[in-house]
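Please treat every number below as a calculation from the coordinates, not as lab data. In this text the structure is predicted, and so the values were computed from the model without any measurement. No Cβ is skipped: glycine too gets one built from the backbone with ideal geometry, and neighbour counts run over all protein chains shown.
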Amino acid sequence: MKSRFVSLLMMLICMVSVVALAQKVNVDWQRGDDFSKYKTYAWGKSPHPIQDQLWNQRIMGFIDDQMAQKGFTKVDPGATPDVLVVYNAGVKQNVSLEGYSMGWYNTMSSVQQVVENEGTLVVDLADPQKKMVVWRGMASQTLSDKSTKNIEKVQKMVKKMFEKYPPKS
């Protein structure tokens, strides 16, 4: 009976941890806009660019790939593109305390501080003629200590965002 309870508890903990690690992806857009008219894009200037040059190149490359898959052609900013693309990225530290006790009367307990880095990426497509954002993709996920895993996570974030472009009315 006791081993069955422990097994069920461990299974529940594993299921909760999988849900906690899932990416959160949302999109928003200018309702009523005709997205079929947007065919060309150029990079706009981000108000808060990421300072890490490697990550800047990676993120821009992932977005370029998705824009191409959606049928966009990249042009120079001076060529009057249909949309300007801007992204913002950040990392927030989430600190929590986790504890457990063992034994029927809490004879042994432990509390430890857990620090997780949550990465957030926001991609905006703005119509330069209207001077307004027409589509925004937002994604966040807990980051890893390993760069390779984070590259995969960010690439997946961008892909999931653009799965929702063009928006369905």
Once both label points are put 7 Å beyond Cα along the C-beta direction, the Val111-His48 separation in nm becomes 3.2 nm
Residues of the stretch 146-166 with backbone N under 20 Å of the label point set 7 Å from the Cα of Gln93 along Cα→Cβ are 146-147, 150
When all Cα-Cα pair distances of the stretch 53-169 are considered, the percent exceeding 16 Å is 69 percent
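Provide the gained length on full extension for the span Lys130 to Glu152, in nm with one decimal, where the gain is 0.36 nm per separating residue minus the Cα-Cα distance. Mind showing how you got there, number by number?
Details: separation 22, 0.36 × 22 = 7.92 nm, distance 3.46 nm.
That works out to 4.5 nm of additional length.
Could you put Tyr41, Tyr100, Tyr165 in order, starting from the residue whose Cβ has the fewest other Cβ atoms within 10 Å? Walk me through the numbers before you get to the answer.
Working: Tyr41 23, Tyr100 10, Tyr165 20.
In increasing order of surrounding Cβ atoms, one gets Tyr100, Tyr165, Tyr41.
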